[in-house]
1. E43 passes all but one of (1) outside any helix (DSSP H, G or I); (2) modelled with pLDDT of 95 or more; which number fails?
2. Here are the criteria: (1) touching a Lys or Arg at 6+ places or on another chain (Cβ under 8 Å); (2) free of Cβ contacts under 8 Å to residues at least 60 places away in the same chain. Tell me which single one V125 does not satisfy.
3. Pick out the one residue from P80, P5, P56, P49 that is surrounded by 15 or more Cβ atoms within 10 Å (Cβ to Cβ) and either at pLDDT below 95 or over 15 Å from M148 (Cβ atoms) (or both).
4. Just the residues that are assigned to a helix (DSSP H, G or I) and under 14 Å from G63 (Cβ atoms), please, taken from the stretch 125-147.
5. Take the residues of the stretch 120-173 that are of a type in the set (G, A, S) and buried (at least 17 other Cβ atoms within 10 Å of the Cβ): which is nearest to the chain's Cα centre (by Cα)?
Amino acid sequence: MSTEPIASKRTPEPSVHGLKFFGLSLTLAWFLIDQATKWWILEYAMNPPEALRITPFFNLVLGWNRGVSFGMLSGHELPPWTLALFSATIAAALIAWLLRTRDRLTVTGLALIIGGALGNALDRVNHGAVTDFLDFHLADWHWPAFNMADVGVVCGAALLILDSFVRQDRDAT
């Protein structure tokens, strides 16, 4: 039996290589989840396209976002490759950050953002717009339709914000 005090035992830090593998694997997994759900929507659920009521507050729909997040800038006629290139450039910078960090929460947030950004970039290249299909609403008020890539970007950003607060608390003690 160990005589070491319980308080001194810590969860071992993940290895740097293990953390990189985790981050890149989660990036790929989220990208594939996004692409699989879009494929299913386009090939099966929306063939022919129609709104499918799932619950009183949630529908599956087919929408094409030619702008950026939640349709912003959709009135501006930018070539699809412009936004795809912008997303890919941001993803490359985030990959560099992911490969340098040693914090699991940061890696998780970055991986979700990167997987989502690459999923939407591929949509822009393949379809000229992003496939959106998740429609949440309250009576006649509808949140802009979105997809799993968007879920990854928003959840990843939330994790990075949470990490900044956790890190401040950790640094303060």
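1. Every condition holds for E43 apart from (1).
2. Status for V125: all satisfied but (1).
3. On inspection, the qualifying residue turns out to be P80.
4. Residue satisfying the conditions is H127 alone.
5. Taking the stretch 120-173 first, the residues of a type in the set (G, A, S) are 121, 128-129, 139, 145, 149, 152, 156-158, 164, 172.
So of that shortlist, the ones also buried (at least 17 other Cβ atoms within 10 Å of the Cβ) come out as 121, 129, 145, 149, 152, 156.
Numbers: A121: 12, A129: 17, A145: 15, A149: 4, G152: 2, G156: 6 Å.
Of everything passing the filter in the stretch 120-173, G152 is nearest to the chain's Cα centre (by Cα).
The values are calculated or read from the model by the stated rules, or taken from the named source; none is laboratory data. Note that this is a predicted model, so its numbers are computed, not measured. All Cβ positions, glycine included, derive from the backbone under ideal geometry; neighbour counts span all protein chains shown.
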